[in-house]
Amino acid sequence: MYSNGTGEEDFDFEKDMFRYSYSENKTTDFVLAGPKSTSKADIYLDSKAVYDNTTSYQLVLVFRDGLFQTSNFTQKIYVDEQKPEVNGLSPDKDANLTQTFAVTFSEEIGYADSSCLKLDKGGSVKLLRISGNIVEFSVSGLKSLTPYTATISGIKDIAGNEILPDSTKSFMTKYTGSSEFIVYAENVGMSYTSYRGFEDKKLTLTSNQGEEFTCVSSDSSIVEVDSSDSKKITVKTHDYALADKNLNTDKTVTVTAIRSNGEKAEFIVTIKPWYPVTKAREFGSGGIIDQNLNGRFKLENDIDFSASDVTDVLPIGEFVEENNPLNKPFTGIFDGNRNKFKLSNITINASALYRGLFAYNKGTISNLLVNGAKFENNEKSSLGIICAVNEGTISNCELMNITITASS
C-alpha cells in the first residue's frame, strides 16, 4: 500500500499504480532502490513538498517462473501531490478532419483513456499512446472549417494525481470539401457567435476560391461592413440592446458575399442574450468577464474554486481612485442564478487594495450565492467578497462561511 507519510493508506500500490499479469506459478518480489527501501510487500514513500521532476524512486520488479527463470526491469516512480496541468494542444489550427492530437502536460503522465478528450461539436476519439508528458489521441469525424473546444479530464500523472478540471484547449479545422464558393474567417469558421454587451469584434472574411468578392450585411447596425474593404466586418455587440434586460432571444445577422459572376456565399453571425458562466477561470483578471466588462453573464452550474486551477482570484475590472480614467468598472449584468447554483471556496488575492470578485461595479450583480470565501491580509483594506467599490446595483446576493482578515 502507498503511504503519504502520515500513516494513511491512499491507494493499493499494485492494484492502482501498476497492473501486471502473471500466471499462478510465478511470484513477484518488490525491491525499492533509492532514498528508502523495504523487504516487505508494502512500500512506503514520502511525498515531496515540491514536485520538480528531479527526484524519483526506482522500483525493481523481479518475476520468478518456478526456480529457474528470472527476469527483471526497473520502473521510475515519482511521488508528489502536484496535479498535472495542460501546457498545449497540437495542432491548434489547420487540423485535418482525421488528425492525431498531442496534448502536452507539465509532468509525466501515467494514466489516460479515450474518454479523457471530449469535443464540443462531436467527433470520434481514441487514445493512441502515452509518452512521458505527452498524450496522443486519434480524432476523426470532424467538420470542415470549424472551431472546436477540446475538454481534457480524468488524466493522471504517474503518482496518481488527477488533472485539474476545466482544462480546455481550442483548435480549428482546415477547409476540405467541394469547389462550392464559401467564405470564412480565420480561427472562427463559416459562422461566428458573440454575446450581448461583449466587446466589438473585427473579422476579415476569406474565400476558398481565392477570388475577389464584396459583402452585404442584413443588419448593418449590428454587423457593419467596412466601406473601404467589404471583406472586413465589425460585429457591434458592445451596445447592442443592453438596456433591455428582457431581451432573451438570439439575434442572427447574415453577411452575403457576392463574386463577380454573381455566385453567393453566406457568413452567419449569431448574438446570444447571455454568456453561460461554467468555469472558475472565467472569473478573475484576464478571464472572459474581465475582457467583456459590458457583457451579460449568467451562472449555469456550481463552481468550486478549490477544485479548479484558480487558487488566488484577482478582481474583475479595476479601481484606482475616484474619477481616475484608468478605472475599469463592470457595467454589464451578472446573474448568479442562486436558486440553482453557487460559487464556493474562493480565495481573494490579497496583495493590494480594492479586491473582490469585482473590483468596481457600475452595472448589476444579482442572485449570487457565495458559500465559502476568504481574504487574508491584515495590512490591506477597501475590499469586498463580491465587490470592493459599488456604484451600481447589487441585489439578492448572499454570503456564507466568509473569513476576512484586513486592516479595516
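What follows is calculated from the coordinates using simple rules that are stated; it is not laboratory data. All values reported here derive from a predicted model rather than from experimental measurement. Here the Cβ positions follow ideal geometry from the backbone for every residue, glycine too, while neighbour counts run over all protein chains shown.
Given the pairs 328/380; 83/202; 169/298; 342/362; 118/174; 83/118, which are separated by over 27 angstrom at their Cα positions?
Pairs exceeding the cut-off: 83/202.
Which trypsin sites (Lys or Arg not before Pro) does the range 264-365 hold that lie in a coil by DSSP with at most 12 other beta carbons within 10 Å? Display every interim value, and only then the final one.
Values: sites: 264, 279, 281, 296, 298, 338, 340, 342, 355, 362; in loops: 279, 338, 340, 342, 362.
Taking the range 264-365 and a limit of 12 other Cβ atoms within 10 Å, the loop trypsin sites (Lys or Arg not before Pro) found are 340.
Please report Rg (one decimal) and Dmax (integer) in Å for the Cα set of the range 222-318.
Gyration radius and largest Cα-Cα distance of the range 222-318: 18.1, 59 Å.
For labels at residue 400 and residue 202 in the simple 7 Å Cα→Cβ model, what's the distance in nm?
Once both label points are built, they end up 4.8 nm from each other.
Which of 341, 375 has the fewest other C-beta atoms within 10 Å, and how do the rest follow up to the most?
Listing 341, 375 from fewest to most nearby Cβ atoms yields 341, 375.
Taking N as the number of residues in the range 86-172, what value does Rg over Cα atoms divided by 2.2 N^0.38 Å take?
Working: Rg = 12.1 Å, N = 87, 2.2 N^0.38 = 12.0 Å.
Against the empirical 2.2 N^0.38 Å value, I get 1.01 for the range 86-172.
May I ask for the distance between the Cα centers of the range 109-138 and the range 226-240, given as a whole number of Å?
39
Given contacts defined as C-alpha pairs under 8 Å and at least six residues apart, what's the relative contact order of the range 214-371, whole-number percent?
Reported as a whole number, the value is 17 percent.
In Å³ and rounded to a whole number, note down the convex hull volume per residue for the Cα atoms of the range 324-408.
Considering the Cα atoms of the range 324-408, their hull volume per residue is 88 Å³.
Could you work out the local net charge near residue 399, counting Lys and Arg as +1, Asp and Glu as -1, over the other residues with Cβ closer than 12 Å to its Cβ?
Summing Lys/Arg as +1 and Asp/Glu as -1 gives +2.
Can you give the charge dipole size of the range 256-408 about its Cα centre, rounded to the nearest 20 debye, using +1 on the beta carbon of Lys and Arg and -1 on the beta carbon of Asp and Glu?
Numbers: 15 positive and 17 negative charges, 85 e Å.
Dipole about the Cα centre, nearest 20: 400 debye.
Cβ under 13 Å from residue 230's Cβ, residue 230 left aside: what net charge do those residues give with Lys, Arg +1 and Asp, Glu -1?
-1
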